[in-house]
Structures are given as C-alpha cells and as structure tokens.
1. Please verify whether the stretch B:120-130 includes one or more residues that are open to solvent by 10 Å² or more (accessible area, probe 1.4 Å), in a strand (DSSP E or B) and within 13 Å of ligand 2 (Cβ to nearest atom).
2. Can you find even one residue in the stretch B:45-63 that is within 16 Å of ligand 2 (Cβ to nearest atom), within 13 Å of chain A (Cβ to nearest Cβ) and out of contact with any strand residue (DSSP E or B) (no Cβ under 6 Å at 6 or more places or on another chain)?
3. Any idea which of (1) within 15 Å of A:M27 (Cβ to Cβ); (2) open to solvent by 10 Å² or more (accessible area, probe 1.4 Å); (3) not small (G, A, S) is the one A:L130 doesn't satisfy?
4. B:G130 fails exactly one of the following numbered conditions: (1) without any contact (Cβ under 8 Å) to a residue 24 or more places away in the chain; (2) within 14 Å of chain A (Cβ to nearest Cβ); (3) within 22 Å of B:P210 (Cβ to Cβ). What is the number of that condition?
5. I'm checking my understanding of the structure. Among residues of the stretch B:131-143 that are within 14 Å of ligand 2 (Cβ to nearest atom) and outside any loop (DSSP other than H, G, I, E, B), which one is farthest from the chain's Cα centre (by Cα)?
6. Which one is farthest from the other protein chains (Cβ to nearest Cβ) among residues in the stretch A:72-85 that are surrounded by 20 or more Cβ atoms within 10 Å (Cβ to Cβ) and either away from ligand 1 (no atom under 16 Å from the Cβ) or part of a helix (DSSP H, G or I) (or both)?
7. Take the residues in the stretch B:1-30 that are part of a loop (DSSP other than H, G, I, E, B) and among the polar types (S, T, N, Q); name whichever of them is most open to solvent (accessible area, probe 1.4 Å).
8. Mind checking whether some residue in the stretch B:171-187 is within 22 Å of B:T4 (Cβ to Cβ) and within 16 Å of ligand 1 (Cβ to nearest atom)?
Amino acid sequence: MVRAPEWGMYIIWYFFLGGIAGGAYFMAAIADNFGGRRDREVAKVGYFIAFPLVMICGVLLILDLGMSSRFLNMVKILKFWNPMSLGAWAVGVFGAFSFACALLSLGVSEERLALRRNVAKVGSWFGFFLAAYTGVLLSNTAQPIWRDARLMGALFLASGASTGLASIALISYFKGANLGESWSKLKKADTFAMVVELALLVALVLMLGPSANPIIKGSFALPFWGGLVVLGLVVPLGLSFVKPGDGKERTAGGTMAIASVLILIGGFLLRYVVIMAGQL
Amino acid sequence: MARTLAMFTDTSLCIGCRACEVACKQWNQLEAETPHWTGSYQTSPHFTDKTWRHVKFIEKKDERNEPKWLLMSDVCKHCNQAGCLEACPTGAIYRTPFGTVDISQDICNGCRYCVSACPFGVVAFNHGTGRVNKCTFCVDRTSEGMKTACAKTCPTDSIEFGYRDELAAKAKKRLAELHAKGVKEAILYGEDENGPLGGLNAFFLLLDKPEVYGLPAEPTLPQKPIVKDAGLSAGAAILVGLGAIVAFRERGGGDRGGEE
Ligand code: SF4
Ligand code: SF4
C-alpha cells in the first residue's frame, strides 16, 4: 500500500507549462541555428514564449510548497541523480538562458543574433531537460503506473516538443507574422514530434500492460482516448496532411493554428491524466 | 557509525492491544484521530502523519473455515536503501548514526516527493505544518540510550528493540522454533541484509505472505531505473531534435519529411 503525494493542479500546470517552455526553447534554438533568415522569426517567438512560462513555472512550484521561503531549501543543496533537486535548479538555470535569448531578440544587429544563437546552443540542453525530467521524476517513485512507466520521460519530452512548436505556431498566427515557408517547416517538425509522441504513448501503454488500466479505462478513459489520443494527436496529425494550395500561407497558418490548439489541449490532458490516475 | 539499531516485530506474539500506537502518540505528542470503519477491528486504514505505529487486524479463514486473526504492528522500516531518503531534494531526510532514517523538520519544504517514493506508504504529509512526518525511531530516546516508546510498552514483547545483528539472530531462532512447532507459514520479512532494500532496520516475523499484510513481496528502490529512464529521454530528445533539424535545415531540407 503506497501513499499518493497529493500533487494537484499546481503540479499539473507546472509539468504542462514547463514542457512548453523547454520545447519552445529548444525548437527555437534549432530553427535559429539550422534554419534560414525567415526562421529567425520562429526562433524569436520561441524565446519569447519560454521566458515568461518558465517564470510562471517557478511561481507554481513555490505555490505548491505553500511558503516561498521554503523554496530556498530546495536550492541550498544539489543532489545529483535526483530529479526533484536537479529540476528546481534547472528551472533557475533555464530561466536565465531564456531571459538572455529573449533579451537578445529585442535587437536586430547581426552580432546580437550571433550571440543569441550561441547562447541558445547551450540553453537548449536545459530546455530538453526541463521538458523530460518531470516524466523521470514520476517514473522514479513507488506509485503504481508511474513506477513502471520507463518511457514517461521520453513521452513528456516528445509532448514538450510538439506543444512547444504548437504554441510558437499559435502565437505567430495571432501576431499575423509573415512566416512564409517557415510555416511548412514548423508543421513538418511538429508532425514528426507528434508521430514520435504517438509511438511512445502506444509503447508506454503496451509496456504497462494491466497496470495502465486506471488510465485507459474508468473515469480517465474519456480524457485519455477522446482528449489526448483523438483530439490531441490523431486529429492534428490528420490536419497536418491537409495540403494548402500555392501561395495560401495564411490558410496553412489557420489550419495549423487549429491543430495547435488541439495539441495544447492534448498536452495538458496528458499531464492531467497521468498525475491524477497515478494517485487514485 | 555506531552499531546499527533495529526493531524486531514478531507478529506471532501480538495481541492487538494497540499499546504501541498509544505509547507512540504519547511520547511524540501526536493527536488522537477519529476512528474509521475499515470492516474490521482496525481503526484506521493506514499510517497517517499522526499515526506512526499502526496495528493491523486482518481477518482470515483457517483450514477448518474458522475465523482467525492476523495481527501486525506496522511501522516505518528504516530501510537500508530508503526510497524516501533518496527522493528528498533538500536533505531533510537523513540517516542517523544508528542507521535509522529521520526527517529534519526545519529543512523539509513540503514537496512530498518522499511520500511518493516510499514503497510502504509510510511518510505522510501534515497539512497543519506543511511538512511530512513519520516514525523517528524515537531518536530523542535512543540517543539517550533508551528504547523506542513502542518497544518499551509492548506487553508481550512482540516489539523488541536492540542492535540489529543481535535481533536478527534472535529472529532466526524464533523462526526455527515456530517451524519446528509446525507453524510452517511463518516467514521473516526484511531481516536479510542481502535481501530487498539492503534489509530493513525494522523487520518482522509474519504468519502469512507479505501481501496478506498489505506489504510488497519484493520491495524495490524506486530510484533504481533512473539511468535507464534518463537514457530513454535523451534518446527521444535526439530523435525529436534531429527531426526538427531536418525540417528547419536550409539546404537539402526539401519536402522529404522529418524522418531521420
Ligand atoms: S519505510 Fe518508507 S519512510 Fe521508512 S525508511 Fe523505508 S522508504 Fe523511508
Ligand atoms: S517533503 Fe520534505 S522530507 Fe519529503 S522529500 Fe520534500 S523536502 Fe524532503
């Protein structure tokens, strides 16, 4: 008989937003370093998403503890191979990197952009960490479901990547950004991340076997199958195959914006279902 | 490090008087709790932040279909490989010089990671203080050379306190005795230092399978798979990252999808 840690909405939102922040940042770093001129716009949006979100993440963590001064106890020591300890540090370090990149995005000089690219090369490692470690944190507990979920970190990472890209796409769309061919690049990267995510989700459920029952059956079946699998993954994947006509970038963006909303809902439901069903 | 201390709880001697629960509450100044209907004489389903010794009343039918009781005074196992201690990010949970596991209230920040990591569901969150509690092994008594309050009180010596090596020898002797008397189902739980979790410093003699008492048959350290889990996450990061690189790459990106 194990005892649930009583993690609730603060932690669910933290896991969700942390995934987006990490994903948006490392995707921005990739667009910045491997993409062309146009993709810098994508990168800029990514950095501008990551910074405020990671700030909110810090606040959520502190709120969950109930007393702000106590958060200091978390960072007075660093325990290596301890996801909770490393994670608290990562929020801080990643916060600094995303702040730097957001700041460097304000100017247009070539030196600044070059510096931004280099900062992002280092910072993206912390972005990967932030997106994935929350899954590893869960899979290293004694709770049924979580403890057997060897792929939870990998799954959260893929979800962080797809929700990160989705939020970049959504904000770009509402900004009316002229992304041109960057739309199709965004879409391509997101489609791939979703395929990986879906594959990992299937593998995870198969590996869990009967211990996955609280997730796939019962009161969480609807948010899991209907919300995460169908609305959050299958429909957006289907939408990604809708081919826009030539020169219809705006429509392409619109389709992607719809898909992005669904992806974000799916990403939230993933954390919600996993955290709630794991503590039944 | 001083010689390791331990408690040996011999459930074959337990009469279910709950004196240990009361003694624990008195010494540690823990409030009484409203009893719960559990379907048995047991008054609460599990440990709480205020109940650190917990007497279980398990009703079973024997071979002749007569009702019989399995009684067990459960407690924190003070595991040699302790999931709670590994999980704690602040260092609030520490190993005492006696080999037991304790929580420093000043340092705990209430993150509850330890709660999720105990294979036995022992550590509990105290909503009043916003911190976690569990059996301290009466660190304030044992450091003064006194027995734990529960062991001191137990009228049948079902709970014994002492040095681990001596108690382990005693437990083995008692097990052999019971087996000789025909109580074949008797087993030791947690006595073996080469067994699960490197042995438990609060170990038990049980009269049925561990599962019957709500104990895991083979408890494992939850943090064992961390390298594997981290590796798989890194693998996913590489895969997703390469896909994105292919998608965003300027030259040769073409329209050939992102499979890498
Ligand atoms: S029984 Fe649980 S609380 Fe006690 S030492 Fe072991 S892991 Fe920690
Ligand atoms: S709740 Fe307290 S004792 Fe438990 S892991 Fe967090 S800081 Fe450590």
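The values are calculated or read from the model by the stated rules, or taken from the named source; none is laboratory data. Just so you know, these numbers come straight off a predicted model, no measurement behind them. No Cβ is skipped: glycine too gets one built from the backbone with ideal geometry, and neighbour counts run over all protein chains shown. Note: accessible area is taken over every heavy atom of the protein model, side chains too, but ligands, DNA and RNA are not part of it. Shrake-Rupley method; radii C 1.70, N 1.55, O 1.52, S 1.80 Å.
1. Scanning the stretch B:120-130 turns up at least one residue that is open to solvent by 10 Å² or more (accessible area, probe 1.4 Å), in a strand (DSSP E or B) and within 13 Å of ligand 2 (Cβ to nearest atom).
2. Looking through the stretch B:45-63, none of the residues is within 16 Å of ligand 2 (Cβ to nearest atom), within 13 Å of chain A (Cβ to nearest Cβ) and out of contact with any strand residue (DSSP E or B) (no Cβ under 6 Å at 6 or more places or on another chain).
3. Checking A:L130 against (1) within 15 Å of A:M27 (Cβ to Cβ); (2) open to solvent by 10 Å² or more (accessible area, probe 1.4 Å); (3) not small (G, A, S), the one that fails is (2).
4. (3)
5. As a first pass, look at the stretch B:131-143 and keep what is within 14 Å of ligand 2 (Cβ to nearest atom): B:131-136.
Checking which are outside any loop (DSSP other than H, G, I, E, B) leaves us with B:131-133.
Details: B:R131: 18, B:V132: 14, B:N133: 13 Å.
The residue in question is B:R131.
6. To start, the set of residues in the stretch A:72-85 that are surrounded by 20 or more Cβ atoms within 10 Å (Cβ to Cβ) comprises A:73-74, A:82-85.
The next check asks that each one be either away from ligand 1 (no atom under 16 Å from the Cβ) or part of a helix (DSSP H, G or I) (or both); those that pass are A:73-74, A:83-85.
Numbers: A:N73: 4, A:M74: 6, A:P83: 8, A:M84: 4, A:S85: 4 Å.
My answer is A:P83.
7. Looking only at the stretch B:1-30, we keep the residues that are part of a loop (DSSP other than H, G, I, E, B), and these are B:1-4, B:14-18, B:29-30.
If we keep only those that are among the polar types (S, T, N, Q) too, we end up with B:4, B:29.
Values: B:T4: 42, B:Q29: 163 Å².
Out of the qualifying residues, it is B:Q29.
8. Checking the stretch B:171-187: not a single residue is within 22 Å of B:T4 (Cβ to Cβ) and within 16 Å of ligand 1 (Cβ to nearest atom).
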